Every structure is written in C-alpha cells, then in structure tokens.
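Novice: My structure is below; once you've seen it, I'll send some questions.
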Amino acid sequence: MLVLLAVVALLSGCAGSTPLASPPPVPPVALAASVAPGAVDVAPADPLTVSAAGGRLTSVTVTPTGGAALAGTPDPSGTRWTSPQLAYGTEYRVQAAGVDEQGRPGAPLDQTFRTVAPEETLEIASIRPTDGQTVGVAMPISITFDSPVTDRAAVERRVSVETSTPTEGSFRWMSDEQLNWRPKDYWRPGTQVSVSARLFGVDSGEGVYGAEDRAFSFTVGRDQRARGDVNAHALVLYQDGQELKTMPASYGRAQYPTQYGVHVAFEKHEVKRMRSDTWGGPAEGTPGFYDQNLPLAVRISNNGEFVHVNPDTVRQQGRSNVSHGCVNLSPANGQFFFNWVQMGDPVEIVGSERPLTTRDGDIADWTIPWEEYRQGSALAGGA
C-alpha cells in the first residue's frame with residue numbers, strides 16, 4: 001500500500017511540473033508605401049506600391065492634390081496595391097488601412113510625398129526600324145535621343161528587346177545620343193521583334209528626366225544579301241542562301257575607294273541629288289566636283305555611299321572603277337536592285353583598301369567585333 005501511494009504521488013508530481021506554453025502573440029499588420037513619408041523630388045519612373053505585412057489591405061486611397069483618387073490595382077492576395085503611372089510635379093496623399101491574420105485592424109497609413117518637377121526632359125527623337133516595318137537580316141535597332149544621355153545605365157536598364165525566336169544580342173551606345181541593339185549574328189528570317197523603352201520618369205543624369213514611354217515592333221523579312229567585289233567589278237545578289245543575280249558594277253576610283261565591310265541598306269530614293277562637297281569630296285570649283293540628280297539610289301552608309309543607277313558609267317561597269325565611292329549600276333540592273341532590296345539588307349563590300357568604320361555613319365554595327373560591341377553596353381559590367 002505504501003509503494004502504491006508513492007508511485008501515485010510521483011506521477012502526480014511529474015504531471016504538474018511543466019506548465020502549458022501559451023501561444024506567441026500575433027504581430028499586428030504593418031502597412032508601408034514604396035515612397036518614404038514626406039519625400040520630395042521623387043522620380044515617377046515606377047508606380048507607387050502599398051503593401052501589408054502580416055495581414056491584408058482593406059482600403060487604399062492615393063489622391064493627387066486637387067485631383068481624383070487614383071484607380072490602382074490590388075493583387076489577388078490583398079497584400080499589395082499598385083498605382084497607375086504618377087505625374088511630374090505633383091503632391092500625393094497616401095491613406096491605407098488593413099487587418100492582421102485574425103481580422104484585427106492595425107495602425108492606418110497616412111502620408112504625403114511630392115514628385116519631381118524637371119526643368120529639362122529627355123525625348124526620343126527617332127527610332128529605327130519604324131513601327132510595323134519589315135526589314136532585312138542586318139538591321140540593328142536604333143533609338144536616338146534629342147539630347148546627350150549622362151546616366152547611360154539608367155536609360156539602358158529601362159529598354160527591353162523581345163524576340164519571337166531565341167536571339168542573342170546586345171546594346172551598344174554609338175554616341176551619347178544613340179543607343180543601338182543588334183543580334184550577335186544576322187537575324188533569323190521571320191523573327192518578330194518588340195522593343196519597349198519605359199523612360200518616363202527616369203533620371204537620365206544631371207536632372208534631365210525621361211519624357212515618355214515608347215514601344216514599337218517590326219518583322220525580319222526574307223534573307224537577302226548583296227556582295228560587292230571591287231576588283232571583280234561585280235555586285236552579286238543572294239536570296240535565301242542561293243545566288244540570285246550577278247550584275248556588272250563600277251566602284252570608287254583609287255582616290256575615292258568604296259569602303260570594305262558590311263554596309264546596311266537604309267534609304268531608298270527614286271531620285272537623289274548628290275553633291276561631292278556634302279561628304280568631304282571635291283569642293284565646288286575644283287576638279288572632280290559634281291552636283292547631279294541620280295535615279296534609283298539606295299543609301300548604304302552615311303558617308304555618301306549609295307548603290308545607284310549611273311548611265312554615264314555603263315561602259316566601265318564590269319571593267320573598271322570610276323566612281324567617287326558609290327556602286328554604279330546600269331538602268332536595268334539598278335531598277336532590279338532597287339525593287340529587290342529591303343531596308344536592313346546587308347551589302348558587303350570586299351577587295352577595297354579602306355575600311356568602313358563607326359565614323360562613317362550610324363549603321364556601322366557590323367564593323368565592330370562582337371565582344372567589343374558588347375562592351376559598348378552601359379550594363380556590360382553587370383550594373
């Protein structure tokens with residue numbers, strides 16, 4: 001009997017020696033905006049977000065001074081609200097409420113901030129290709145700005161290129177005003193390309209802010225290439241990898257050689273006035289000066305080189321080089337080339353002693369070795 005009582009006493013003592021642990025307290029819901037309270041000169045590149053940690057949002061109101069509340073977008077979980085694009089030079093009041101996981105309300109959010117009112121803005125002056133255009137396999141993407149960009153990385157980070165087929169490519173700043181992108185190799189025919197430049201509100205440096213967003217798309221057309229041999233005095237056209245036509249041609253004379261390298265066709269003119277003094281050639285009143293209207297001219301560089309009809313050199317075409325750097329064709333062959341060529345088709349010149357360089361225009365992308373081209377990106381170092 002004594003042993004049994006001792007065991008009962010022992011068990012009773014063990015059962016009562018460890019108190020039950022109370023559940024940890026539930027933290028209150030915490031509300032926060034992506035812009036600090038009272039912030040000024042906020043760059044409106046990104047939308048405002050309001051979030052709830054440890055619960056969900058029950059209401060969000062963001063109101064510009066003197067205006068109507070913004071129509072934002074809540075996410076399905078109720079933990080995040082995103083505004084539409086903010087405006088420049090505007091004060092906003094942010095008010096939000098939320099509850100924790102047990103439905104208990106937390107401290108409300110009520111704060112203001114003001115966006116920057118820029119004295120100068122950065123605008124896109126031109127794009128290439130144009131929206132909806134069909135181009136050849138060598139056409140790079142070019143975005144030209146109306147003023148120099150100081151913070152290249154900030155701007156480049158907001159530009160994206162999407163392709164319908166996997167395409168390795170890179171941006172390169174051709175100048176402070178021009179950002180290009182090209183594939184490592186020529187485009188694959190049929191590729192659909194979409195370009196988005198989300199530049200509104202971006203600080204491009206020295207207090208200059210992006211003025212607008214821009215988007216455009218284009219299609220890569222048939223694989224067409226031209227190869228000009230200055231020593232063989234011929235221009236050979238290739239289509240889908242097959243030789244299509246060989247045409248007698250005359251290239252630049254020794255004093256004004258047609259430059260070797262990959263040119264890109266990018267303008268077509270039914271008639272083009274050409275003056276030698278516009279590209280650094282003979283000045284008016286000096287030997288060799290010319291001022292002519294020439295038909296069916298396709299520009300292949302910004303240094304005065306065209307593929308065009310020249311009836312005056314038909315006898316020399318296929319035999320000798322007598323031009324000032326252009327590729328001269330007969331009327332029949334020039335008409336064929338003019339009708340056939342796409343903007344963005346590569347025109348490769350071989351056999352010359354003078355190279356095409358980046359100084360010769362803004363479509364010299366293919367004259368730059370790939371690794372060097374990639375280093376021209378402001379984000380090449382992973383910034």
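The values are calculated or read from the model by the stated rules, or taken from the named source; none is laboratory data. None of the values given here were measured: they were computed from a predicted structure. Heads up, the Cβs are rebuilt from the backbone with ideal geometry, glycines too, and the neighbour counts pull from every protein chain shown. Remember, those area values only see protein heavy atoms, side chains included, never the ligands or the DNA or RNA. Shrake-Rupley method; radii C 1.70, N 1.55, O 1.52, S 1.80 Å.
Novice: How many residues does the stretch 107-139 contain that are open to solvent by 20 Å² or more (accessible area, probe 1.4 Å), in a loop (DSSP other than H, G, I, E, B) and farther than 18 Å from residue 49 by Cβ?
Specialist: Adding up the residues that qualify gives 9.
Novice: Let me ask you something else. Which residue is nearest to residue 174 (Cα to Cα), if the candidates are limited to the stretch 349-366 and must be surrounded by fewer than 19 Cβ atoms within 10 Å (Cβ to Cβ) and β-branched (Val, Ile, Thr)?
Specialist: 358
Novice: Under the condition of being open to solvent by less than 60 Å² (accessible area, probe 1.4 Å) and charged (D, E, K, R), which residue from the stretch 168-182 is nearest to residue 155 (Cα to Cα)?
Specialist: 172
Novice: Select from the stretch 367-378 the residues that are farther than 17 Å from residue 137 by Cβ and assigned to a helix (DSSP H, G or I) and write down the one among them that is most open to solvent (accessible area, probe 1.4 Å).
Specialist: Applying the filter and picking the extreme gives 375.
Novice: Test residue 185 against the criterion of being farther than 22 Å from residue 300 by Cβ, of a type outside the set (Val, Ile, Thr) and surrounded by fewer than 17 Cβ atoms within 10 Å (Cβ to Cβ), and give yes or no. Outline the logic, then answer.
Specialist: Numbers: farther than 22 Å from residue 300 by Cβ: no; of a type outside the set (Val, Ile, Thr): yes; surrounded by fewer than 17 Cβ atoms within 10 Å (Cβ to Cβ): yes.
Criteria not met by residue 185.
Novice: Ok, one more. Provide a single number: the residues in the stretch 309-341 that are touching a Leu at 6+ places or on another chain (Cβ under 8 Å), surrounded by fewer than 19 Cβ atoms within 10 Å (Cβ to Cβ) and part of a loop (DSSP other than H, G, I, E, B).
Specialist: 0
Novice: Out of the residues in the stretch 265-295 meeting the condition of being of a type in the set (D, E, K, R) and in contact (Cβ under 8 Å) with a residue 60 or more places away in the chain, tell me which one is farthest from residue 140 (Cα to Cα).
Specialist: My answer is 268.
Novice: Answer with yes or no whether residue 226 is part of a strand (DSSP E or B) and touching a residue at least 60 places away in the same chain (Cβ under 8 Å).
Specialist: Criteria met by residue 226.
Novice: Provide a single number: the residues in the stretch 324-359 that are under 28 Å from the mean Cα position of the chain (by Cα) and among the polar types (S, T, N, Q). First the steps, then the outcome.
Specialist: Let us first name the residues in the stretch 324-359 that are under 28 Å from the mean Cα position of the chain (by Cα), namely 341-348, 355-359.
From what is left, the residues that are among the polar types (S, T, N, Q) are 342, 357-358.
Going through the stretch 324-359 one residue at a time, the tally reaches 3.
Let's see how each residue does on (1) among the β-branched types (Val, Ile, Thr); (2) touching a residue at least 60 places away in the same chain (Cβ under 8 Å); (3) farther than 21 Å from residue 362 by Cα:
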| site | (1), (2), (3) |
| --- | --- |
| 137 | yes, yes, no |
| 145 | no, no, no |
| 157 | no, yes, yes |
| 174 | no, yes, no |
| 181 | no, no, no |
| 200 | no, yes, yes |
| 210 | no, yes, yes |
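Novice: Next question. Return the residues of the stretch 305-323 that are within 30 Å of residue 132 (Cα to Cα) and either more than 34 Å from the chain's Cα centre (by Cα) or charged (D, E, K, R) (or both); say none if nothing qualifies.
Specialist: 305, 309
Novice: Kindly indicate the residue of the stretch 37-72 that is in contact (Cβ under 8 Å) with a residue 60 or more places away in the chain and either among the charged types (D, E, K, R) or not in a loop (DSSP other than H, G, I, E, B) (or both) and also farthest from residue 112 (Cα to Cα) among those meeting that condition.
Specialist: Result: 46.
Novice: Another question, if that's okay. Report, by residue number, each residue of the stretch 242-264 that is open to solvent by 60 Å² or more (accessible area, probe 1.4 Å) and not in a strand (DSSP E or B).
Specialist: Scanning the stretch 242-264 gives 253, 254, 255.
Novice: Among the numbered criteria (1) free of Cβ contacts under 8 Å to residues at least 60 places away in the same chain; (2) within 32 Å of the chain's Cα centre (by Cα); (3) not in a strand (DSSP E or B), which single criterion is violated by residue 77?
Specialist: (2)
Novice: Still on this structure, please answer the following. Every residue in the stretch 89-104 that is touching a residue at least 12 places away in the same chain (Cβ under 8 Å) and open to solvent by 30 Å² or more (accessible area, probe 1.4 Å), please.
Specialist: Matches in the stretch 89-104: 89, 91, 93, 95, 97, 101, 102, 104.
Novice: I'd like the full set of residues that are outside any strand (DSSP E or B), touching a helix residue (DSSP H, G or I) at 6+ places or on another chain (Cβ under 9 Å) and modelled with pLDDT of 90 or more, limited to the stretch 265-304.
Specialist: Within the stretch 265-304, 301 is the sole residue that qualifies.
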